Amino acid sequence: MLLALVFRGVAFEFRFKLAISVIAQRWFGWPNTAFLLPLPVASLAAGVYAWHAFGRDGAWQAFAASIALFALSFLGVAVSLWPMIVPGHFTLWEAASPERTQAFLLVGTLVLLPVILTAHKRPTGSLSPDELVDQIATGGSPS
């Protein structure tokens, strides 16, 4: 499945990059190719590492490599479309909200994020599925 996903991603990326001349020039024009080459090389390395980690008992390593593969793919799309946020219609600056709105959201995030992170109650113990069902059935909360 991973091999099919990687193959499909590579095929899509090449088709996408070659279909639009601006994107093809950005990726395959000489100075840019040297700067952008680490993205596909890192994607290939993450895919190979994930493939090998799936074969071993490395669930955490396979997960991390899969996340890296996703992030690198997303970064590749971002590089291809920059600065267009809606391809062919709006740049990032045209689609952005006014600066006062962004400042208001930033202040709200800076105030609420620490509150949410500190108020989040983490489970301290673990229950077996049978114990959890019994606790819910008797009206207790599964904290």
Task: Amide hydrogen neighbours beyond the local backbone of PHE90, cut-off 5 Å, H modeled - done: ILE85
Task: Residue-averaged [θ]222 nm for the chain, counting only DSSP H segments that reach four residues, each worth -39500 (n - 2.57) - done: -24000 deg cm²/dmol
- [ ] Among GLN102, TRP60, LEU37, pick out the residue whose Cα is farthest towards the positive end of the charge dipole of the chain, where Lys and Arg carry +1 and Asp and Glu carry -1 on C-beta, about the Cα centre.
- [x] LEU37
Open item on the list: How far apart, in nanometres, would the label points at GLU99 and ALA64 be if each is projected 7 angstrom from Cα along the Cα-to-Cβ direction?
Closed with: 4.1
Task: Between segment 79-111 and segment 12-56, the Cα center-to-center distance that results, in Å - done: 26
Open item on the list: As a footprinting exposure proxy, order TRP60, TRP30, TRP51 by other Cβ within 10 Å, with the fewest listed first.
Closed with: TRP30, TRP60, TRP51
Open item on the list: Given axes a ≥ b ≥ c from the Cα gyration tensor, I'd like to know whether the chain is rounded (a/c under 1.5), prolate (a/b larger than b/c) or oblate.
Closed with: oblate
- [ ] Please list the helices of the chain that count as membrane-span-like by this rule: a mean Kyte-Doolittle hydropathy of at least 1.6 together with Cα atoms stretching 27 Å or more along the helix axis, each helix being a complete DSSP H run.
- [x] 59-81
Open item on the list: I need to check one value: relative contact order of the chain, counting alpha carbon pairs closer than 8 Å and at least 6 residues apart, in percent.
Closed with: 13
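None of the figures in this text is laboratory data; all of them are computed from the coordinates on show. Small disclaimer: the values here were computed from a predicted structure and weren't measured. A quick note on method: Cβ atoms are made from the backbone with ideal geometry, for glycine too, and the neighbour counts reach across all protein chains shown.
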